[in-house]
Amino acid sequence: MASALAHYPHFCNSAAPSGHPIAKPRISKPANPNGNKPTKLVRQSKADHLTLNRALSSFVDSGRLEHAVHLFENMPRSDAYAWNVLIRGFVNNGLFREAIELYYRMAREGIGADNYTFPFVVKACGGLLSLMEGEKVHAKLFKVGLDLDLYVGNSLISMYAENFRADLAEKVFGEMRARDVVSWNSMISGFLLVGDGWSSLALLQEMQVFGMRPDRYSLISSLGAASLTCYLQGGREIHCWAIRSGLESDLMVETCLVNMYCKCGKVDYAERLFNSVSKENIVTWNAMIDGYASNALPSESLACMKSMQDDYNLNPDCITLINMLPACAQLGSLQVLKSVHGHSIRKGFLPNMVLETTLINMYGASGGLKGAKYLFGKMAEKSLISWNAIIAAHVQNGQNEAALVLFQKLWCERLEPDAITIASILPAFAEVALLREGRQIHGYVSKLGLGSNTYISNSIIYMYAKCGDLGTAQQIFDEMLIKDVVSWNVIIMAHAIHGCGGKSIALFKEMKKYGVEPNASTFFSLLMSCSISGLVDEGWGYFNQMRGSYNIDPGIEHYGCVLDLIGRTGNLDHAKEFVKQMPLVPSARIWGSLLTASRKHGNIEMAEYAAKHILSLEHDNTGCCILLSNMYAEAGRWEDFEGIKSLMRKEGLTKTVGYSMMESGGKIHSFTNQDKCCQHASTIYGVLDIISKRIGVNIHLTRVTRFRPLDLANERAKSAAAHSVRLAISFGLISTAIGNPVLIRQNTRICEDCHSAVKKISDLSDREIIVVDAKVVHHFRDGCCSCSDYW
DNA sequence: CTTTTACGCT
């Protein structure tokens with residue numbers, strides 16, 4: 001090589017800008033230490049020509065692109081060779097735009113692109129993800145008669161696949177005059193790229209019918225296909241083929257095999273293989289670390305990483321961390337997560353979009369919304385997946401409104417939501433949206449072509465139910481082409497929250513008739529329904545069936561439902577005994593259920609007992625404090641009342657602001673308790689006044705006897721008579737057509753005073769009033785409520 | 001003198 005460069009001493013200067021291979025070459029002229037003008041060739045011989053081409057090739061091969069460019073600009077370029085070499089250099093370094101520009105410049109300078117040029121140019125189009133550019137080049141190929149060239153055809157297959165057009169790739173493949181093993185491999189990896197693993201596997205079979213012998217490329221791609229489809233049998237056949245053809249000790253093939261077995265859930269097979277392979281390559285380790293983590297073996301995952309470091313002196317790379325993070329999340333320690341985050345920063349792995357996105361996902365899953373938000377805010381580059389992660393993080397942590405805001409911001413980012421986005425955001429709509437907004441997102445889901453996605457339809461059904469429209473929920477369920485067990489669970493739950501226990505049970509029987517096997521969630525829906533509808537015997541029956549007939553161990557949530565069921569019977573001692581005898585450690589939710597029952601039945605001692613347990617588990621449980629303080633106030637136990645209040649002050653707890661929402665004329669109207677600032681306030685209070693008189697409520701003096709005189713003025717202001725739900729209903733009655741139901745959504749549970757008032761209002765106004773509270777949906781009609789007055 | 005296919009990742 002030294003002789004090839006002898007003519008150009010400054011290229012040999014070791015101080016040149018990139019004496020060693022670099023990842024991202026910058027295109028600039030190299031320093032010219034002699035201060036000479038760039039060398040120009042005046043005269044050339046054939047030998048010079050060859051030498052220059054060799055030098056160019058050498059620069060390109062060693063990644064010294066700026067040198068290559070400089071030489072290229074100063075050498076004679078009578079044929080396509082030099083152009084081809086530089087185009088290759090650009091493509092191999094990811095400079096696709098530059099490669100294509102050079103190709104056009106070549107044409108402008110009158111040099112025809114040849115059969116060597118086009119494969120690179122086509123590859124650049126694939127790398128750019130520019131189908132348009134690719135088709136333009138393809139048209140040119142057709143014109144110059146190179147479209148049937150083997151190499152060109154092979155590159156076209158990859159280009160179309162990279163642009164997610166398996167159909168066009170297949171067309172090229174089908175029309176080729178001759179196919180070699182690369183053609184088949186390109187098509188196999190092409191199908192894999194577009195997510196069609198089954199076609200990849202079929203093609204692996206087919207190539208053998210055509211007398212083509214699969215090589216390591218074929219195996220690597222088709223193992224990816226077996227992983228994607230979780231087709232263990234196919235994967236094992238490929239494993240056999242690898243052994244028969246002597247490829248079983250090919251490290252890349254082995255890595256793919258480890259990955260395939262893990263993706264198919266056979267960690268033990270993967271482990272056996274892993275133990276027998278050479279461990280010099282971090283990729284193999286990463287495959288195993290991921291395998292453990294995604295098969296719910298977090299400790300093994302972390303141990304594997306430790307062994308990699310301790311026993312093989314390999315340092316974790318970015319992908320190691322991405323793969324081990326789910327293991328951290330499974331171990332449930334926010335602290336460990338934070339330390340991995342810190343480690344990523346110290347090792348210089350950040351910024352990295354995939355790692356950051358994974359961290360956001362894990363923070364979200366571990367209750368670390370703060371960390372997730374911080375990371376997202378700092379990200380230099382965000383993909384749709386990053387947005388999906390931050391949206392899911394908010395939804396998982398109960399920040400539904402904020403999640404909806406983020407979802408809206410997506411529009412401004414020229415990003416189109418995908419199925420994951422929709423699946424993440426739908427639960428937020430279910431929790432806080434009004435029916436009109438629910439319908440809007442439903443329409444949008446259909447427009448995206450996700451209307452027949454079972455997973456998403458399940459969420460849509462639940463959303464309609466939570467928005468108060470059980471009819472539409474049932475209709476969508478009925479029209480679903482493919483129902484899975486979740487679909488049934490959801491429709492049972494939909495009827496549960498509307499207080500239709502009988503229908504839930506009927507649906508449960510129907511699902512069994514259809515041969516759908518109930519799971520633990522099915523029983524949760526069913527037990528929830530029995531508890532909400534007060535079907536005590538049925539509830540106990542299903543609870544016993546769980547273990548007896550279905551071999552499903554009840555989880556804490558099932559015990560919670562049964563406890564609610566016992567609670568509503570009023571036998572609080574039985575409830576307490578049930579908690580004591582539970583085989584699971586009672587959670588705050590369990591004690592909360594006992595607390596609620598104690599409140600309903602006015603048993604203040606039991607309430608104190610339950611609250612003590614709640615606060616020992618969650619010292620900042622606002623709901624518990626509020627409930628207990630209300631009970632003290634009602635009982636006139638002012639010292640205890642003050643005690644709770646001061647405890648709350650000490651903990652910095654504030655009562656969540658309750659509000660009710662109602663949609664009218666395409667607008668959302670929101671009301672807080674005693675809201676004086678809402679739109680049309682005077683009209684609304686006027687209506688409320690009339691209604692209150694008609695139903696016999698003194699708007700200024702409800703529940704006054706329960707409060708001590710000193711607090712009278714204070715409590716008067718807090719009177720339930722002007723609770724948000726009543727303001728919303730007053731507004732609803734005058735802003736909707738007579739005969740239509742009034743649909744209200746409120747973020748808290750409806751209070752007892754309001755519940756009995758709304759019953760009377762429904763009778764008085766002859767309207768159906770639907771109040772979606774934080775847990776159930778109340779249908780008020782003719783003076784009665786669907787919840788049978790227990791909620 | 002050059003060209004195509006390739007492991008682990010949200």
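The values are calculated or read from the model by the stated rules, or taken from the named source; none is laboratory data. The model shown is predicted, which means the values in this text are computed figures rather than measured ones. Counting neighbours? That spans all protein chains shown, and the Cβs are built from the backbone with ideal geometry, glycine included. Each accessible area value is taken on the protein alone, full model and side chains, heavy atoms only, with ligands, DNA and RNA left out. Shrake-Rupley method; radii C 1.70, N 1.55, O 1.52, S 1.80 Å.
Conditions tested, residue by residue: (1) open to solvent by 10 Å² or more (accessible area, probe 1.4 Å); (2) closer than 27 Å to A:LEU410 by Cβ; (3) within 12 Å of DNA strand B (Cβ to nearest atom); (4) among the acidic types (Asp, Glu).
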| site | (1), (2), (3), (4) |
| --- | --- |
| A:CYS318 | yes, yes, yes, no |
| A:SER344 | no, yes, no, no |
| A:VAL354 | yes, yes, yes, no |
| A:GLY367 | yes, yes, no, no |
| A:TYR374 | yes, yes, no, no |
| A:SER383 | yes, yes, yes, no |
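Going through region A:199-220 one residue at a time, which ones are within 13 Å of DNA strand B (Cβ to nearest atom), open to solvent by 20 Å² or more (accessible area, probe 1.4 Å), over 13 Å from A:ASN259 (Cβ atoms) and assigned to a helix (DSSP H, G or I)? Across region A:199-220, the qualifying residues are A:ARG216, A:TYR217. Among the conditions (1) farther than 19 Å from A:SER186 by Cβ; (2) open to solvent by less than 20 Å² (accessible area, probe 1.4 Å); (3) under 31 Å from the mean Cα position of the chain (by Cα), A:LEU223 misses just one, which is (1). Within region A:243-256, residues that are within 21 Å of A:ASP290 (Cα to Cα) have Cβ atoms under 8 Å from residues that are basic (Lys, Arg) and more than 6 Å from DNA strand B (Cβ to nearest atom) in these pairs: A:ASP250/A:ARG216; A:MET252/A:ARG216; A:VAL253/A:ARG216, counting only partners at least 6 apart in sequence or on another chain. Candidates A:ILE391, A:ILE456, A:ILE441: the one that is modelled with pLDDT of 95 or more and open to solvent by less than 30 Å² (accessible area, probe 1.4 Å) is A:ILE391.
Yes/no matrix, rows are residues, columns are (1) over 27 Å from A:GLU133 (Cβ atoms); (2) at pLDDT below 80; (3) within 12 Å of DNA strand B (Cβ to nearest atom):
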position: A:CYS12; (1), (2), (3): yes, yes, no
position: A:ASP61; (1), (2), (3): no, no, yes
position: A:ALA107; (1), (2), (3): no, no, no
position: A:GLY110; (1), (2), (3): no, no, no
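Looking only at residues of region A:296-316 that are within 12 Å of DNA strand B (Cβ to nearest atom) and open to solvent by 20 Å² or more (accessible area, probe 1.4 Å), we find that the one that is farthest from A:GLU356 (Cα to Cα) is A:LEU314. If the condition is being more than 10 Å from DNA strand B (Cβ to nearest atom), open to solvent by less than 20 Å² (accessible area, probe 1.4 Å) and not hydrophobic (A, V, I, L, M, F, W, C), then region A:133-162 contributes A:GLY134, A:TYR160. Close Cβ contacts (under 7 Å, 6 or more residues apart or on different chains) running from residues in region A:301-328 that are within 10 Å of A:TRP285 (Cβ to Cβ) and acidic (Asp, Glu) to residues that are open to solvent by 10 Å² or more (accessible area, probe 1.4 Å) and within 8 Å of DNA strand B (Cβ to nearest atom) comprise A:ASP317/A:ILE282.
When region A:70-101 is filtered for residues that are touching a residue at least 12 places away in the same chain (Cβ under 8 Å), over 19 Å from A:LEU52 (Cα atoms) and more than 10 Å from DNA strand B (Cβ to nearest atom), the ones remaining, listed by number, are A:ASN93, A:GLY94, A:LEU95, A:PHE96, A:ARG97, A:GLU98, A:ALA99, A:ILE100. Selection of region A:727-766 for residues being open to solvent by less than 10 Å² (accessible area, probe 1.4 Å) and of a type outside the set (A, V, I, L, M, F, W, C) yields A:SER730, A:GLY732, A:HIS755, A:SER762.
Kindly provide the set of residues from region A:175-194 that are more than 9 Å from DNA strand B (Cβ to nearest atom), in a helix (DSSP H, G or I) and closer than 24 Å to A:THR229 by Cβ, ordered by number. Residues satisfying the conditions are A:MET187, A:PHE191.
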